[in-house]
Amino acid sequence: MGHHESNYEPKWAIAKWFDERLPVYRMMSDQFITFPTPRNLNYWWTMGMVLFFFLVIQLITGIILTMHYIPHEDMAFNSVEHIMRDVNWGWLLRYMHMNGASFFFIAVYIHILRGIYYGSYKAPREVLWLVGVVIYILMMAAAFMGYVLPWGQMSFWGATVITNLFSAIPLVGDYITQWFWGAYAVSQPTLNRFLSLHYLVPMLLTVFVLIHVWALHVVGSNNPEGLDVKSSDDTLPFHPYFTMKDMFMAIVFLTIYAFFVFFMSNYMGEPDNYIRANPMVTPPHIVPEWYFLPFYAILRAIPDKLGGVIAMFGSIMVVAALPWLDRNPIRSLRYRPRARFFFAGFVVTAMLLGFLGAKPAEGWYVTASRILTLYWFVYFLVILPLLSKMETTNRHMPGSITDAVLGHHGVIPEAKQ
Ligand code: HEM
């Protein structure tokens with residue numbers, strides 16, 4: 001993992017005995033207690049820990065929910081109601097899991113935008129970034145399949161719309177879709193395999209999170225200045241400085257989450273999903289969960305089905321390719337005013353696409369979605385590569401992290417007086 005000298009000293013004889021055989025406590029100490037961390041990290045760097053908390057919440061609540069859930073067309077919907085009404089604390093487990101998914105996505109979107117703003121994807125953190133994108137795709141797969149399990153109207157029709165996208169693949173599309181369903185429509189085999197995969201994917205995701213943290217600890221954190229760590233002055237031990245900062249933000253997040261779980265339990269959900277799945281009745285509007293809306297808007301912005309599917313997957317692939325699209329040597333957008341301007345445009349675009357994804361695909365909604373989809377791709381494929389060449393110097397950059405913390409000149413401001 002990280003390349004700093006281990007200064008772990010086992011205190012008891014038994015700890016020393018154990019350390020010589022399996023130095024797991026040494027590893028924890030080196031990686032999470034004394035780990036040298038840039039001293040200028042701000043609150044945007046706390047999302048990783050918040051994500052970790054939500055991952056644990058989702059795993060625990062999910063494992064217990066599965067003990068009472070029945071993956072059968074005729075029983076799934078009722079089994080969820082049974083969890084809500086009859087199982088001890090079942091309502092709490094379900095609302096925690098439902099809202100936990102949304103909060104997981106809120107945190108991951110902040111985490112990704114932080115990475116883009118501060119250039120955290122640039123060398124030497126490309127692998128860390130790619131592992132992050134894999135995690136994000138796994139999160140989307142898990143959330144999509146989980147949403148199908150309650151077997152409500154939106155579960156069924158959402159699954160039908162999204163799985164049908166595969167039928168856009170030329171020649172083999174229909175075959176692949178039916179293979180995916182295990183039948184000729186979304187039905188019993190589909191539900192059963194979705195439960196199986198909904199359990200498997202988060203386990204894979206957990207493995208990738210460990211790899212993510214490993215990759216992070218090999219190269220160390222980036223920081224708001226985007227400068228490399230030059231000396232030990234630039235860092236502080238992870239504990240207590242960043243454990244406390246992370247805990248503070250985790251408590252803020254968990255408090256807001258608790259408010260949603262207890263008082264606005266269904267605010268982020270769709271009322272239609274409390275109607276049992278009915279293959280004979282299509283709901284008037286089929287909308288995915290909020291975190292998929294920007295991609296849903298991109299999908300529907302393109303008039304051709306295959307084109308829409310390619311654009312939707314492409315919109316994530318361009319994010320994966322960021323380290324090779326933005327070659328500018330300056331990492332942090334603090335020192336790149338032009339890139340900052342276009343980044344703000346990207347954030348607004350993503351939000352507006354989210355708004356449009358929830359609207360019917362008609363009239364000016366479609367026109368606006370097309371313009372915004374165009375900006376999404378132009379931002380990654382044209383603007384960032386161009387700015388790589390056009391915005392490469394900044395006189396105001398401090399010489400080091402410590403210089404920046406102490407007021408740019410390496411002199412403590414008070415000491416100047
Ligand atoms: C389950 C989801 C995830 C977990 C638990 C997780 C965890 C973490 C943790 C603990 C850190 C260090 C603390 C921090 O910088 O916030 C981190 C850093 C990072 N993560 Fe994630 N992450 C997740 C998803 C993602 C995704 C989806 C991406 C990008 C697509 C990503 C990209 C990064 C990058 C680039 C860094 C380094 C940031 C820096 O040093 O400036 N992560 N992650």
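Bear in mind these aren't lab numbers, they're just calculated from the coordinates by the rules spelled out. Just so it is clear, the structure is predicted and the values come from calculations on it, not from any experiment. Every residue, glycine among them, receives a Cβ derived from its backbone with ideal geometry; neighbour counts consider all protein chains shown.
Just a few scattered comments:
- Between Thr393 and Phe52, the FRET efficiency from the beta-carbon distance, with R0 = 25 Å, is close to 0.10.
- Average projected area [Cα convex hull, region 30-416], square nanometres: 21.4
- Nitroxide proxy distance, nm - points 7 Å out along Cα→Cβ at Leu22 and Tyr184: 5.5
- Region 328-401 versus region 109-138: alpha-carbon centroid distance in Å: 16
- Applied to region 133-141, the Karplus parametrisation 6.51 cos²θ - 1.76 cosθ + 1.60 on θ = phi - 60° returns per-residue 3J(HN,Hα) values of 5, 4, 4, 4, 5, 5, 4, 5, 4 Hz, with x for Gly and Pro.
- Distance (nanometres) between label positions extended 7 Å along Cα→Cβ at Ile14 and Leu113: 4.9
- Over the chain, relative contact order from alpha-carbon pairs under 8 Å, at least 6 apart, %: 22
- 3J(HN,Hα) along region 256-267: 5, 4, 4, 4, 5, 4, 8, 10, 9, 3, 10, 4 Hz, from the Karplus curve 6.51 cos²θ - 1.76 cosθ + 1.60 with θ = phi - 60°, whole Hz, x for Gly and Pro.
- Förster radius 45 Å - calculated FRET efficiency between Ile275 and Ile371 (Cβ-Cβ, nearest 0.05): 0.80
- Sequence-distant residues sharing a close amide H with Thr37 (under 5 Å, placed H): Leu236, Phe238
- Sorted peptide list for 165-175, 323-333, criterion being average Cβ within 10 angstrom, highest first: 323-333, 165-175
- The residues neighbouring Gln153, those whose beta-carbon lies less than 11 Å from its own, together hold a net charge of -1 under the Lys/Arg +1, Asp/Glu -1 convention.
- Aspartates and glutamates with Cα under 17 Å of Lys230, excluding same-chain neighbours fewer than 8 positions away: Glu5, Asp403
- Taking amide H positions as modeled 1.01 Å from N, with prolines and chain starts lacking one, the residues under 5 Å from Gly152 and 5 or more places away or on another chain are Ala277.
- Formal net charge of residues neighbouring Arg340 (Cβ-Cβ distance under 15 Å; K, R +1; D, E -1): +2
- 20 Å Cα-Cα reach of Lys389 towards lysines, excluding residues that sit fewer than 8 places from it in its own chain: Lys122
- Integer Hz, Karplus 6.51/-1.76/1.60 couplings in order for region 184-192, x for Gly and Pro: 9, 7, 4, 7, 3, x, 5, 4, 4
- Reciprocal of mean inverse Cα separation for region 285-357 (Kirkwood radius, Å): 13.8
- Length added when fully stretched, Leu171-Phe248, from 0.36 nm per residue minus Cα-Cα: 22.4 nm
- Label-to-label distance, Leu204 versus Ser6, with points set 7 angstrom from Cα along the beta-carbon direction: 3.3 nm.
- Folded to 0 to 90 degrees: helix 47-68 orientation relative to the chain principal axis, Cα: 30
- As a calculated quantity, the FRET efficiency between Leu381 and Ala358 at R0 = 35 Å, using C-beta atoms, amounts to about 0.85.
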